[in-house]
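Have a look at the structure below, then the notes.
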Number of protein chains: 4
Amino acid sequence: MVPPTSATGRRRLPPEQRERQVLDAAVRVFSRIGFHDASMDDVAEQAGLSKPMVYTHGGGSKEELLRRCIRREADRLLTSVSLAAGAPADAPGDDRTTEDRLRRGLRAFFATLTTHRDGWSVLYRQARTGTLADEVHDARARIVDRVAELLSAELTGRDPATARALATPLAAALVGAAEGLADWSASGGTEDPDALAEMLLALVWTGLSRLRHH
Amino acid sequence: MVPPTSATGRRRLPPEQRERQVLDAAVRVFSRIGFHDASMDDVAEQAGLSKPMVYTHGGGSKEELLRRCIRREADRLLTSVSLAAGAPADAPGDDRTTEDRLRRGLRAFFATLTTHRDGWSVLYRQARTGTLADEVHDARARIVDRVAELLSAELTGRDPATARALATPLAAALVGAAEGLADWSASGGTEDPDALAEMLLALVWTGLSRLRHH
Amino acid sequence: MVPPTSATGRRRLPPEQRERQVLDAAVRVFSRIGFHDASMDDVAEQAGLSKPMVYTHGGGSKEELLRRCIRREADRLLTSVSLAAGAPADAPGDDRTTEDRLRRGLRAFFATLTTHRDGWSVLYRQARTGTLADEVHDARARIVDRVAELLSAELTGRDPATARALATPLAAALVGAAEGLADWSASGGTEDPDALAEMLLALVWTGLSRLRHH
Amino acid sequence: MVPPTSATGRRRLPPEQRERQVLDAAVRVFSRIGFHDASMDDVAEQAGLSKPMVYTHGGGSKEELLRRCIRREADRLLTSVSLAAGAPADAPGDDRTTEDRLRRGLRAFFATLTTHRDGWSVLYRQARTGTLADEVHDARARIVDRVAELLSAELTGRDPATARALATPLAAALVGAAEGLADWSASGGTEDPDALAEMLLALVWTGLSRLRHH
DNA sequence: GATGAATGAGTTTTCATTCAT
DNA sequence: GATGAATGAAAACTCATTCAT
């Protein structure tokens, strides 16, 4: 019943699978060799496909291929964090504390980084100059924004406008700190997402709480 | 005494000045156009030199040139932070608190970023994958180490080994947070180094203090 | 009796119609985009067929497809001119003068060019170097030969061998002149075939007549 | 005294010679293989140079290279014909008849074609579709214009405006006829420029003269 | 018979790097 | 020591052509 080609994994796949195949290979190659140093041949070889397939299913150009990689990985990370932290607006029955939300969000963050190290590398370690800088910048900004939203909830002692204005740099610092920890984790530190999350919380939570009351 | 070329400002400079001239141009060009998109012609033109001169005084290859740029800028940053924070070992007469040292260090960090934006860009925004990943990684590690040293002094409630083991990820997080803030600063946030330093201290200082006593 | 595909207008046409469909599309596309710049996809799209169909009914290769285009268009032109000029051998009851034959031939020539501009373009404006040069050369030679035959009849004052030897370059010149006029016509000159024919006759007829008697 | 490399003909030539070297090779290759079928490697090999040299001295792209070829060859042909036919305006002491001017012009035309067959091929046999169509068209238009100018002088029986309006298509036809003859010449006919010129004059001169008086 | 999907082979173009002067 | 001129090597991208369905 299964077509005989399923064995080789080559011919006649539905487009979505092909695109995924191509993006997976691209993320991996770009992460390992670096976007500029990697050639489309490298990507094709990693995907087990011919170069034209990479072009057909990868957006038509190397740059567009990277763009799609960045978007996919950023979406993955953002979705993971958002789901774990809970709905942005405090739903009626949702009585979790901000600390708890933050904890869960950070755990998801570190868990995703650990699971998809290549994707993270594409997001954070590629050249942030040139045409693609904006793409990376936007992807990171979306994450920072989501975190800022979370932090705003904690800064209730202040008026909303001030809270938000303060939340953004704090979120930027927090995300940066998470990245720094992730780097340390990748260089030999623990890979346990929970431990990493606790470490970061221990560092910043008191400070955040204090900022509530000015 | 003055070399005869002072008239044109060009010919027959001592090698060190030549190297500086080349590195300055390279940092600028790499920062603006990006390492991979920039050509050696671009560097030569920016330096006002011929290409062979760039090769002679820039290390002999494009990659080595970038390596030297990274090292110089990392040194600049590390030196600046170190000087501001004070001697690593508590000198007898030095009774400044750790908080004060950290504050001064952070101010120097943000001040240097602001003053030498191109250098910072070369350090943090260039490809951190590929052949040069190690170089960047090492440069950042040196900074993280220096900060860890600083933090160790605060974790006096613990035995030295534990203190140091704890200090490294905290330092990684702290440096990451500083980078995140710097990004935010570059994207429209305040550029005042003191304000940035205070913001970061407010976020982490209480947490750090608490970690002292377990 | 009507093939069942008349409903869609597509499927299951007799091979000849398919070939015509393919050649029509090819002539159009090659003429507009140029043989080399046009892709087989372009031809297939213009024909409303899939690419394999173009290969099946178009001769199996792009080059052969062009060859067939050239042949068909050359035949069309030659047939049109021949029919208008009359039977090559002076048929008994045919007492039209050579001038009249030439006039009718030229009118047919210009009329065909105007009506089938794409075909003419394929014949005269495509690369006349490379592998296909011979094909174009042959196609033109056939036309020149037919004209030479016509002119021979006028050079009756000379012995047949001389007449024919003289007729060929004259025919070549005449055909070239017609092409030159056609170019002018296409670039803004009149498109009236009769006017173009008269213009050309006015230019060359006296000369041709004179050549009759040495 | 002569630099030792003059023996190989390779290194350190002045730019003009290099450009000529490149154009010569390009004209030859484009003429023989055809513009589209020829690769830049072919041109480089023919020139005995590396490909980058072809790009440096050939305008930076294949298309620009062809453009320059076309321009050079068109200039060569136009200059040759113009010089032979004499100054366009009848200079006071210039009492040559129009027929004489035309004869000399045609001789020069055929002589140049014969001498620079490759250049002629590039001018007349390359694809006249695509981006380069205009370039070829313009080159030919300049020649047709020059001939029209010549013919205008003969149509003195008519008012100047009419004369010029009539002269252009006649010139187009005449140039076309010359090209047709040249084709015939290249396919086995005589290569004697004088003979070719006389043949063409015999064909058209009476007609031209008659057009003078309506 | 008809086609969507797949690829091998090639082309233009760009640089990092090095001589000959 | 300094440079203009030269090149080897590679990389993105395209397309005629053919299977597997």
Rel. contact order, % - alpha carbon contacts under 8 angstrom, at least six apart, the range C:31-187: 22
Percent carbon-and-sulfur accessible area, the range D:69-212, ignoring ligands, DNA and RNA, probe 1.4 Å: 54
Position C:THR56, label points 7 Å along Cα→Cβ, spacing to each other copy in nm (shortest first, one decimal): 2.0, 5.4, 7.0
Between the range D:8-62 and the range B:123-150, the alpha-carbon center distance in angstrom: 48
Dipole-positive endmost among B:SER39, B:GLN126, A:VAL43 within the protein assembly as shown (Cβ charges, Cα centre): A:VAL43
Exam field: D:ARG142 pseudo-label spacings to other copies (7 Å along Cα-Cβ), nanometres: 3.7, 5.6, 6.2
Accessible area buried between chains B and A, both sides summed, probe 1.4 Å, in Å² to nearest 100: 3000
With eigenvalues of the C-alpha gyration tensor scaled by 5 and rooted, the range A:66-212, Å: 25, 18, 14
Per residue accessible area of the range A:12-60, 1.4 Å probe, in Å²: 53
Cβ nearest the rotation axis (A onto C), residue from chain A and distance to the nearest whole Å: A:PRO52, 5
Copies compared at A:THR115 - label distances in nm, ascending, label defined 7 Å from Cα in the Cβ direction: 4.6, 7.2, 8.0
Shielded by partner chains, the range B:190-214 residues - at least 40 Å² of accessible area, 1.4 Å probe, vs chain alone: B:MET199, B:LEU203, B:THR206
FRET efficiency, 1/(1 + (r/R0)^6) with R0 25 Å, evaluated for A:ASP145 and A:ASP100 via beta carbons: 0.75
For chain B, built as a Gaussian network whose Cα springs stay under 10 Å, the top-fluctuating residue of B:VAL22, B:VAL204, B:VAL175: B:VAL204
Among D:THR79, D:THR114, D:THR97: highest mean-square fluctuation, GNM of chain D, C-alpha pairs under 10 Å: D:THR97
Cα pair distances exceeding 17 angstrom across the range D:13-60, given as percent: 21
Per residue convex hull volume, Cα atoms of the range C:111-188, in Å³: 98
With 10 Å bins from 0: P(r) over the protein assembly as shown, alpha-carbon pairs, percent: 2, 10, 14, 15, 12, 11, 11, 10, 7, 5, 2, 1, 0, 0
Computed accessible area, B:GLU73, all protein chains, 1.4 angstrom probe, square angstrom: 10
Minimum 20 Å² accessible area buried by the other protein chains, the range B:23-62 residues, probe 1.4 Å, relative to alone: B:HIS36, B:ASP37
Where labels lie 7 Å past Cα in the beta-carbon direction, separation of C:ARG76 and A:ARG212 in nm: 8.4
Where only C-alpha atoms are counted, convex hull volume of the range C:47-143 per residue in Å³: 121
Accessible area expressed per residue, the range D:69-212, with surrounding protein chains retained (probe 1.4 Å, Å²): 38
A:LYS51 accessible area, assembled protein chains, probe 1.4 Å, Å²: 80
Dipole-positive endmost among C:PRO169, C:GLY207, C:GLN21 within chain C (Cβ charges, Cα centre): C:GLN21
5 angstrom amide H check on A:GLY34, placed H, neighbours 5+ away: B:GLY130
Candidates B:SER39, B:SER31, B:SER152, ranked by Gaussian network fluctuation over chain B, Cα under 10 Å, top entry: B:SER39
Carbon and sulfur %, accessible surface of the range A:12-60 computed with the full protein complex present, 1.4 Å: 46
Tally of Lys pairs whose C-alpha atoms are under 26 Å apart, taken over the protein assembly as shown, 8 or more apart or cross-chain: 14
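The values are calculated or read from the model by the stated rules, or taken from the named source; none is laboratory data. None of the values given here were measured: they were computed from a predicted structure. In this analysis, Cβ positions are derived from the backbone assuming ideal geometry, glycine residues included, and neighbour counts consider all displayed protein chains. Protein only, heavy atoms only, side chains kept; ligands, DNA and RNA dropped before computing areas. Shrake-Rupley method; radii C 1.70, N 1.55, O 1.52, S 1.80 Å.
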